[in-house]
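This report concerns only the one structure given below.
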Amino acid sequence: MFKRLIIVLFLLLIIFISHAFVSPIPSRKVGPDFRPVYGVSYSFEQAGWYGLDPRESYIEMLDEFQFDWVRFPLFWDQAVDRGTEGQRDKETKDIELRVDDLRFAIEEAEERNVKVIIALGAKTPYYPEYHWPESIASQVKFGEVITAYHPVAKEILAIDQKVVEELAVYDNIAYWQVENEPLIGNVNRWKIDASFVKAEVETVRSADPNDRPVILNHAATGFYDNSWKDLLPILNQEDIFAVNAFFKTKGTDLITSNILGRQIHILWPDHLVWPVHSWLFLSPNFESIKKSVETNGNEFWILEMQAEPYIKKIEQAQDPLLTFTPDDMITADKFLRSYKIQNVGFWGIHFWQYRQQKGDSTWIETAKTIVNQK
């Protein structure tokens with residue numbers, strides 16, 4: 001009897017796991033009348049990595065899509081003048097910013113009545129996330145948590161203040177996003193403590209004469225992670241709390257181990273993806289998160305909806321066996337609409353444009369059917 005029970009449980013486990021991998025984006029009922037507001041993330045640096053003309057591709061995106069907003073990350077290492085970076089005693093007013101691309105992008109968006117979100121702080125979107133000068137990175141050890149007492153804290157607050165003061169003149173900037181997934185570690189296991197995020201938010205609020213709302217976000221990794229709740233008390237009523245929705249993910253290593261003092265790494269296979277939302281009660285519970293956020297008096301957004309495969313090397317972008325497809329984009333959109341999430345941001349515009357440049361317009365055309373639908 002006991003053996004039979006073990007066999008049955010084992011078979012159920014196999015079925016459960018198989019279903020998660022076969023149907024990584026669950027099907028949910030979608031109301032016919034609900035349609036969210038759509039936005040997109042854009043990075044001039046990422047566009048350049050794909051071999052695109054960043055400004056030209058940006059204009060094409062604005063003219064092709066009816067996005068309500070565009071989110072731009074600040075890359076600290078590229079925005080701060082090389083002559084002033086790392087000089088701790090510099091007054092905020094003396095920090096020289098090089099943000100010509102950002103100004104260009106904001107102004108072009110304004111001409112088309114498109115709102116802008118500026119993501120600032122130490123950790124901003126796009127790999128490797130911490131885009132800070134080497135003089136700052138050298139002061140942060142592997143696995144450290146940035147608190148208000150960390151040696152680089154003062155410099156982070158100074159750059160936050162300077163960015164807001166410089167860009168606050170643009171009326172179409174609708175939100176300041178303060179840090180990106182601050183409580184989640186990057187490849188260097190760096191994290192930002194919620195108490196320091198609060199200090200950054202206070203700095204941003206005081207630097208903006210128009211008192212624009214802020215956005216805080218989290219990765220929504222699974223049922224076991226409730227750390228995002230530490231960010232809710234920081235928000236005012238008009239602020240936004242967002243999570244990111246990735247459905248087919250990949251890691252750097254499949255297995256990492258330390259055996260007899262030697263680090264063993266088995267790289268993640270190219271065509272293996274890990275499903276995130278098909279584990280039933282083990283997956284992120286958007287309904288529960290949304291309820292908590294709205295109870296806190298805030299809107300719940302998706303800042304990044306996966307709309308591209310994981311690409312680590314440019315040659316992978318031409319793989320005939322892509323792990324995320326245009327049809328997946330449609331399914332992901334329906335999944336999120338089932339929760340009646342008011343704002344959804346697309347993640348993948350540079351990949352779409354790269355594919356179009358190579359003769360494949362299916363990504364662009366599929367996205368248009370979602371975004372430009374009346």
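Taking residues in region 152-167 that are assigned to a helix (DSSP H, G or I), and partners anywhere that are surrounded by fewer than 18 Cβ atoms within 10 Å (Cβ to Cβ), the pairs with Cβ atoms closer than 6 Å and at least 6 places apart or on different chains are A158/T92; Q161/T92; K162/T92. Within the option set I349, I370, I341, I330, being at pLDDT 95 or above, surrounded by fewer than 18 Cβ atoms within 10 Å (Cβ to Cβ) and aliphatic (A, V, I, L, M) holds for one residue only, I330. Scoring V178 on the criteria (1) modelled with pLDDT of 95 or more; (2) in contact with a Leu (Cβ under 9 Å, 6 or more places away or on another chain); (3) farther than 23 Å from V99 by Cα leaves a single failure, condition (3).
Taken together, V164, V169 contain a single residue that is out of contact with any His (no Cβ under 6 Å at 6 or more places or on another chain) and more than 14 Å from L120 (Cα to Cα), which is V169.
Going residue by residue through region 314-326, is there one that turns out to be among the acidic types (D, E) and over 30 Å from K291 (Cα atoms)? Yes, because at least one residue in region 314-326 is among the acidic types (D, E) and over 30 Å from K291 (Cα atoms). Among strands (runs of 3 or more DSSP E) entirely within region 244-340, having at least 1 residues that are of a type outside the set (A, V, I, L, M) and without any contact (Cβ under 8 Å) to a residue 24 or more places away in the chain singles out 253-259, 262-267. Checked across region 203-221, the condition of being of a type in the set (K, R), part of a loop (DSSP other than H, G, I, E, B), at pLDDT 95 or above and farther than 14 Å from A122 by Cβ holds for at least one residue. Candidates are the residues of region 1-42 that are part of a loop (DSSP other than H, G, I, E, B) and touching a strand residue (DSSP E or B) at 6+ places or on another chain (Cβ under 6 Å); the one that is farthest from K368 (Cα to Cα) is P24.
The values are calculated or read from the model by the stated rules, or taken from the named source; none is laboratory data. Everything numeric in this text was worked out from a predicted model, so none of it was measured. As a convention, Cβ positions derive from the backbone with ideal geometry for all residues, glycine included, and neighbour counts pool all protein chains shown.
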